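Taking it in order: structure first as structure tokens, then the write-up.
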Amino acid sequence: MKKLRLLILITSLVMVMCSCDAVVDPQSAVLGAYVDNENKQQDSESAAKTEMSVLYYKDMDTNPVTTTCYANSELLKLIYSPLVRVDDTFKPYGVLAESFTRDKTTVTVRLRSGLVFSDGSAVTATDVVKSFDAARKNAGSPYNRQTSFMLRYYAQDEQTFVCVFSEQVADVEAMLDIPVMKNGEPGVGCGPYVFSEKNGKNVLVVNEKYFERANVPVIYLIETKNDENITNLFSAGELDIISSAQSSSLSLTSMRDYSIISYPSNNLIYIGVNYSNEFLSDPAVRRALSAVLDRDRLAEQSLVGLADPARYPFNPCWYRMSEVASAAPDTANPTQLLNGKVFSLLVPSGSDIKKAIADGIVENLKSAQVTVNITEVSPDEFEAAVKSGEYDLYLGETAISRTMDPTFLYKTGGSMNYFGFSDEEFDAAYERLRNGEISLSDYLSAFSEKMPLIPVVFRKNVMYCDKNITGFSDMSPWNSFGNFMAVKLT
């Protein structure tokens, strides 16, 4: 029964690979990972898989730079490769780029030699420029915002692309993950797959002209106009993968044997603080609240291990966090400082996950003799209350950018600094970090001292897939298939 409860919580994390949410009764959650062998499919001696299937929306935009359909966006990354992508530690690495170098705000990219599109024509830096232009000119493009940080970009020669950014930021190369199209127009890509047909069905087949060869020969594209039917397609074996994003509660109802793959996300769950509350305006109090939180327990129990505990607003999986030495406790006497205090905690309704975390926070703070009363309101009421300051504490969630810059949450005038924190010295500390004048450890020490908000966890993304599909690596919020060249069928 305990395992069943855990699985119900796990499956509540999954969102289908599109912008549309689908909700199914969590009490009907799949037992597939835990049922006895005799209740599973009996075809244990079946032949190895030779093909796989993924979700695809034929009626949605198939332009890799403009589509806002999650399923299509991820799929199209197999057809149109970018210059760079990030791995599962959020570190940029070259795809079409053989190398990239940075001098303050200027990044110079050298294309791999011999790159060609699927039609055999050469991939050039001019094609890269035109693809970036397509993102910049389309306000609705998911890549449009990152182009706003680019002062200019140009083809230095046909093998060299140069981009000048408006700011000096660590890992700014991560912004160069825009898919490359021939002449900047959809139709001809330079990725490991191309569109085709097989047995009258839409498929992806291996692009023989790509510089690496994929292991999966055929990928069937499964269409549905009914998002709630996706779990049925998975159960019937017609769909092999369901990939997650963050804010839905879709439960699987399948006896199919499958794998659960989790990977880091950029979604930070944190506690916001109302600075108009005189007691909470004291940074020592905020440090005390942070010190009382048992983040490991919250991640393990409230999110059944599908979260990374976070004392800072940077994902602990970020490769640069390896530079940071273990920090000392936030405060020496949290219970003494907090004893007997009563706070309200504002939480948006409709999310079993956030409610579970809120309940865990209440239990944590109870150990310090703090009483926390949860106020659960609709998402619209939550947003209005946060902006108007009608709370002591609130449970927030937001996505951190490609360059791991969280300061929009707490810098003076930050776009999500609803609680009024302002500290010019601390604002300057981040500028000094960006300019390389101080280390990340120095900045995190300053964060711990000021504690403008209280980080809790970074949620993980989740992928459910057929057990015979293996080899996923370098999966990230910006590329759920990761380095698909390593994926194998067994």
Query raised in the report: Are there any pairs, at least 6 apart or on different chains, whose C-beta atoms fall under 7 Å, with the first in segment 380-400 and touching a residue at least 12 places away in the same chain (Cβ under 8 Å) and the second part of a helix (DSSP H, G or I) and open to solvent by less than 40 Å² (accessible area, probe 1.4 Å), and if so, which?
Result: Tyr391/Ala385; Tyr394/Val386; Leu395/Lys354; Leu395/Ile357; Leu395/Ala358; Thr398/Leu409
Requested in this report: Exactly one condition in (1) hydroxyl-bearing (Ser, Thr, Tyr); (2) in contact with a Pro (Cβ under 9 Å, 6 or more places away or on another chain); (3) within 23 Å of Ile400 (Cα to Cα) is not met by Ser378; state its number.
Outcome: (3)
Query raised in the report: Going through segment 302-330 one residue at a time, which ones are modelled with pLDDT of 85 or more, in a loop (DSSP other than H, G, I, E, B) and within 25 Å of Ala358 (Cα to Cα)?
Result: Leu303, Val304, Gly305, Leu306, Ala310, Arg311, Tyr312, Pro313, Phe314, Asn315, Pro316, Cys317
Query raised in the report: If we scan segment 176-195, do we find a residue that is farther than 23 Å from Val54 by Cα and of a type in the set (A, V, I, L, M, F, W, C)?
Result: yes
Report task. May I ask you to list the residues in segment 426-466 that are closer than 30 Å to Arg102 by Cα and small (Gly, Ala, Ser)? Result -> Ala428, Ala429, Gly436, Ser439, Ser441, Ser445, Ala446
Query raised in the report: If you check Ser445 against the conditions, is it touching a strand residue (DSSP E or B) at 6+ places or on another chain (Cβ under 7 Å) and either within 29 Å of Pro142 (Cβ to Cβ) or open to solvent by 40 Å² or more (accessible area, probe 1.4 Å) (or both)?
Result: no
Requested in this report: Please indicate, with yes or no, whether at least one residue in segment 219-231 is modelled with pLDDT of 95 or more, in contact with a strand residue (DSSP E or B) (Cβ under 6 Å, 6 or more places away or on another chain) and open to solvent by less than 10 Å² (accessible area, probe 1.4 Å).
Outcome: yes
Report summary line: Matching residues in segment 463-480 (among the hydrophobic types (A, V, I, L, M, F, W, C), part of a strand (DSSP E or B) and surrounded by fewer than 22 Cβ atoms within 10 Å (Cβ to Cβ)) number 2
Query - Extreme residue, nearest to the chain's Cα centre (by Cα), among residues of segment 167-199 that are without any contact (Cβ under 8 Å) to a residue 12 or more places away in the chain and assigned to a loop (DSSP other than H, G, I, E, B) - result: Gly187
Requested in this report: Among the candidates Val180, Val188, Val162, Val206, single out the residue that is more than 16 Å from Thr126 (Cα to Cα) and not acidic (Asp, Glu).
Outcome: Val206
Report task. Consider Phe343 carefully, then state whether it is of a type outside the set (D, E, K, R), part of a loop (DSSP other than H, G, I, E, B) and modelled with pLDDT of 95 or more. Result -> no
Query raised in the report: If we keep just the residues of segment 185-197 that are surrounded by 13 or more Cβ atoms within 10 Å (Cβ to Cβ) and of a type outside the set (Gly, Ala, Ser), which is nearest to Glu98 (Cα to Cα)?
Result: Cys190
**Report entry** Pairs where the first residue, in segment 111-125, is basic (Lys, Arg) and the second is part of a loop (DSSP other than H, G, I, E, B), C-beta under 9 Å, 6+ apart
**Finding:** Arg112/Val95; Arg112/Leu96; Arg112/Val123; Arg112/Gln159; Arg112/Phe211
Query raised in the report: For segment 63-147, which strands (runs of 3 or more DSSP E) that fit wholly inside it have 2 or more residues that are open to solvent by 40 Å² or more (accessible area, probe 1.4 Å)?
Result: 97-103, 106-111
Query raised in the report: Which one of the conditions (1) in contact with a Ser or Thr (Cβ under 7 Å, 6 or more places away or on another chain); (2) open to solvent by less than 30 Å² (accessible area, probe 1.4 Å); (3) touching a residue at least 12 places away in the same chain (Cβ under 8 Å) does Leu489 fail to meet, given that it meets all the rest?
Result: (2)
Requested in this report: Kindly indicate whether any position in segment 373-395 is crowded, with 17+ Cβ neighbours inside 10 Å, under 15 Å from Val457 (Cα atoms) and under 26 Å from the mean Cα position of the chain (by Cα).
Outcome: yes
Requested in this report: Would you be able to say whether some residue in segment 412-433 is part of a strand (DSSP E or B) and either open to solvent by less than 10 Å² (accessible area, probe 1.4 Å) or not hydroxyl-bearing (Ser, Thr, Tyr) (or both)?
Outcome: no
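The values are calculated or read from the model by the stated rules, or taken from the named source; none is laboratory data. All values derive from a computational prediction rather than experimental measurement. Ideal geometry is used to build each Cβ from the backbone, glycine not excepted, and the neighbour counts take in all protein chains shown. The area values use the complete protein model at the heavy-atom level, side chains included, leaving out ligands, DNA and RNA. Shrake-Rupley method; radii C 1.70, N 1.55, O 1.52, S 1.80 Å.
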